[in-house]
Amino acid sequence: MAIFDWPYFIMSYMKYFLLLFCVCCLSLTNPISANEKETEKVATFIKIWGFLKYYHPTVAQGKIDWDETFRTGLTTIQTLHSKEAINAYYLEWIEKLGTVRKCNSCQMEMDGEKKFNLDMSWLRNTDTFNEALIAKLVYIQYNRNQKPNHYVSVTKVGNPVFSNEKKYKDSIFPSPELRLLTLARYWNIIHYLFPYRYQTDQPWEMVLQEMIPKFSEAPNVLSYHLAILELTAKIDDSHAKFSTPYINQHFGLKWPPFKVRLIEDKAVVVGFYNDSLARAHDIRVGDVFLSIDKRSIQQLFDENSKYIGASNKSVKQRDIPVLLFNGSTDTVETEYERGGVIGKKTIPRVPFKQLGYTWGQDNSRDTIKILEGNIGYVHMGNLTVSQVPRLIAQLKETKAIVFDVRNYPKSTLYAVADFLNSQPTPFVKVTTPDLTYPGNFRFARELYCGKKNPNAYKGQVILLCDETSQSHAEFTLMALQTAPGATIVGSQTSGADGNASLVTLPGNFQTYITGLGIFYPDGRETQRIGIVPDVLVKPTLRGIREGRDEVLEKALQLISQDNPFPGRP
């Protein structure tokens, strides 16, 4: 009778189970690894394609249908799997583009402004590229296109214009290749021509990796359009808005009859689009909505904020109520609080046109008036250049003037600054894209406002701002801020200061980016930060319910004090 070898039996089966475990792990991890490698391969193709688009003289001058090259090249690269085969393809591809002549005038450094320079170290990635390809790519960088670029030019003020991009008007849900072309076009525009790429919360290289599967694997029209919306929001720029009929339908074309603002992180009714409809459903200013369709406001904010193009949280809070309260149904169930009592309410929703509301109709305050105590008030959103002489005549002898810039001014900043300043004063320094070295930005000369004026205004100057102060409003604040002793009262502005540039994507879809870098003369940034108030004041729930303008109240309180103005150095 044989003796059973238990230790040998146990060891054999342990080896078997260990082998089986390893096989199972490999079967689970290999597909993920393969997907990651495929994404990395597509990302590299997109980066090389964009690099050649803006750097290679033949491509940059528009001598090749570069969109078609993207589609055919992507199809080919997806069939290649070894580093050797992929590098050989890129070398042959670049060789076919023609000879690149040596550029003796191509500058490689940017005179100490490296904070705003493009990082081109990926061209030397030995994990991806062999020595021959690295040499070829670096040579193109050093001998890049110096003639006008077919795909981008600049306006007189310096922000980019993206010319000659194909629109593909009927491509609302194109092939995976064309969907990835949309991603490639936008990603490279931001990579080389967006002055604030370095400020994005998520590193721009990581954005490309994340978004490739969302574009290539989008199962339907809506998923694709939402992917574009999410992509544009990732540049963290309040100018970056994007919509299509499919997106609008998704979030809902029916509106509630009231306006909501997030105050103290609460969804508060602050006004009406249709007051009679709101009254009919007993909706009042100061009502606080706690939930919509049994989902909390915070939960809805967290789910939808990725779709809001915003430079900072205050703008996300400004813009998100439409996504929270709009819908496709005629009514929606909500939970709300009024006077400390929590209740439930069914609120109506109707197509916006039926509300009878006109945008801008709330700018009903007098444009120019004198308040109690000989204090002038100017609504900058209403003021026109032709009204400035009247402003000067009426307010030149006042104790102080409050300029309300919680709106969108009408290009009056220079005329008003001439009244406030006794001499020309620098107020802005601008960066513009260097098209001879895409990805780099140069500081242009400083801009001045004001003029030599012995009769300049002698009183105090207060400027009001909040998250609705965006772009030209922020530029206006910077100019008026040069007035001696000027004090800014309010809260964080939009943080999107600089001329906007239009970007056209396949499907004839349009979005915008901030196209100029705007800085104070001393180099302080404004993008995302906004114009920083000297005195921080935000509306409160109590103030809304009492119908008060707490920001204006604070300004008037400061004026009444003996030494009210902290000012700026």
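The values are calculated or read from the model by the stated rules, or taken from the named source; none is laboratory data. Since the model is a prediction, treat every value here as computed from it, not as a measurement. Cβ atoms come from the backbone with ideal geometry, glycine included; neighbour counts cover every protein chain shown. Keep in mind that these areas ignore ligands, DNA and RNA; they rest on the heavy atoms of the full protein, side chains included. Shrake-Rupley method; radii C 1.70, N 1.55, O 1.52, S 1.80 Å.
Taking the conditions (1) touching a Gly at 6+ places or on another chain (Cβ under 8 Å); (2) open to solvent by less than 10 Å² (accessible area, probe 1.4 Å) in turn, T412 satisfies each one other than (1). Only one residue in D497, D522 is in contact with a helix residue (DSSP H, G or I) (Cβ under 8 Å, 6 or more places away or on another chain) and free of Cβ contacts under 8 Å to residues at least 60 places away in the same chain, so which one is that? Just one listed residue meets the conditions, D497.
Across the stretch 315-332, the number of residues qualifying as touching a residue at least 60 places away in the same chain (Cβ under 8 Å) and among the acidic types (D, E) comes to 1. The single residue among S305, S296 that is free of Cβ contacts under 8 Å to residues at least 40 places away in the same chain, of a type in the set (S, T, N, Q), surrounded by fewer than 16 Cβ atoms within 10 Å (Cβ to Cβ) and out of contact with any Gly (no Cβ under 8 Å at 6 or more places or on another chain) turns out to be S296. Could you tell me whether F352 is surrounded by 20 or more Cβ atoms within 10 Å (Cβ to Cβ) and aromatic (F, W, Y)? Against the criterion (surrounded by 20 or more Cβ atoms within 10 Å (Cβ to Cβ) and aromatic (F, W, Y)), F352 does not qualify.
Out of all the residues in the stretch 160-170, which are farther than 18 Å from I64 by Cα and at pLDDT 95 or above?
Going residue by residue through the stretch 160-170, those that are farther than 18 Å from I64 by Cα are 160-161, 169-170.
Of everything in the stretch 160-170, those that are farther than 18 Å from I64 by Cα and at pLDDT 95 or above turn out to be P160, V161.
Restricting attention to the stretch 85-141, and to residues there that are at positive phi and open to solvent by 40 Å² or more (accessible area, probe 1.4 Å), which single residue is modelled with the highest pLDDT? So the residue we want is D111. Filter the stretch 470-483 down to the residues that are over 20 Å from the mean Cα position of the chain (by Cα) and without any contact (Cβ under 8 Å) to a residue 60 or more places away in the chain and list them by number. Within the stretch 470-483, just M478 meets the criteria. Among the residues examined, G376 qualifies as assigned to a strand (DSSP E or B) and of a type outside the set (S, T, N, Q).
A Cβ distance below 7 Å, combined with a sequence gap of six or more or placement on separate chains, defines the contacts here; from the stretch 191-204, residues that are of a type in the set (A, V, I, L, M) reach residues that are part of a loop (DSSP other than H, G, I, E, B) in the pairs L193/V152; L193/P438.
What's the total number of residues in the stretch 224-245 that are open to solvent by 40 Å² or more (accessible area, probe 1.4 Å) and assigned to a helix (DSSP H, G or I)? Break it down into steps so the answer makes sense when it comes.
Taking the stretch 224-245 first, the residues open to solvent by 40 Å² or more (accessible area, probe 1.4 Å) are 241, 243, 245.
Right, trim to assigned to a helix (DSSP H, G or I) and you get 245.
The qualifying residues number 1.
Taking into account only those residues within the stretch 205-223 that are of a type in the set (G, A, S) and either touching a helix residue (DSSP H, G or I) at 6+ places or on another chain (Cβ under 6 Å) or open to solvent by less than 10 Å² (accessible area, probe 1.4 Å) (or both), which is farthest from T44 (Cα to Cα)? Among those residues, the one meeting the criterion is A218.
Looking across the stretch 189-204 at every residue that is of a type in the set (F, W, Y) and part of a helix (DSSP H, G or I), the one that is most open to solvent (accessible area, probe 1.4 Å) is identified as Y198.
Where helices (runs of 4 or more DSSP H) fall entirely within the stretch 258-369, those with at least 3 residues that are more than 31 Å from the chain's Cα centre (by Cα) and over 30 Å from L391 (Cβ atoms) are at 275-280. Inspect the stretch 382-390 for any residue being outside any loop (DSSP other than H, G, I, E, B), touching a residue at least 60 places away in the same chain (Cβ under 8 Å) and open to solvent by less than 10 Å² (accessible area, probe 1.4 Å) and give the result as yes or no. Checked the stretch 382-390: no residue is outside any loop (DSSP other than H, G, I, E, B), touching a residue at least 60 places away in the same chain (Cβ under 8 Å) and open to solvent by less than 10 Å² (accessible area, probe 1.4 Å). Within the stretch 355-370, the set of residues being of a type outside the set (V, I, T), open to solvent by 70 Å² or more (accessible area, probe 1.4 Å) and without any contact (Cβ under 8 Å) to a residue 60 or more places away in the chain comprises W359, Q361, S364, R365, D366. Within the stretch 147-160, can one find any residue that is open to solvent by 20 Å² or more (accessible area, probe 1.4 Å), more than 26 Å from L226 (Cβ to Cβ) and not in a loop (DSSP other than H, G, I, E, B)? Scanning the stretch 147-160, I find at least one residue that is open to solvent by 20 Å² or more (accessible area, probe 1.4 Å), more than 26 Å from L226 (Cβ to Cβ) and not in a loop (DSSP other than H, G, I, E, B), so the answer is yes. Somewhere in the stretch 258-277, is a residue open to solvent by 40 Å² or more (accessible area, probe 1.4 Å) and under 16 Å from E333 (Cα atoms)? For the stretch 258-277, residues open to solvent by 40 Å² or more (accessible area, probe 1.4 Å) and under 16 Å from E333 (Cα atoms): absent. Being out of contact with any strand residue (DSSP E or B) (no Cβ under 7 Å at 6 or more places or on another chain) and modelled with pLDDT of 55 or more narrows it down to one of T69, T29, so name that one. Only one candidate passes the filter, namely T69.
Highlighted here are the strands (runs of 3 or more DSSP E) found entirely within the stretch 458-543 that include at least 2 residues which are open to solvent by 30 Å² or more (accessible area, probe 1.4 Å) and not aliphatic (A, V, I, L, M): 509-514. Residues in the stretch 216-243 that are under 16 Å from E36 (Cβ atoms) and either hydrophobic (A, V, I, L, M, F, W, C) or within 10 Å of the chain's Cα centre (by Cα) (or both): 0 in all. Of the residues V428, V461, the single one that is touching an Asp or Glu at 6+ places or on another chain (Cβ under 9 Å) and modelled with pLDDT of 95 or more is V428. Scanning the stretch 39-81 for residues that are more than 22 Å from N164 (Cβ to Cβ), part of a helix (DSSP H, G or I) and open to solvent by 60 Å² or more (accessible area, probe 1.4 Å) turns up E40, T75. The residue list T431, T436 contains one member that is touching a residue at least 12 places away in the same chain (Cβ under 8 Å) and open to solvent by less than 10 Å² (accessible area, probe 1.4 Å), which is T431.
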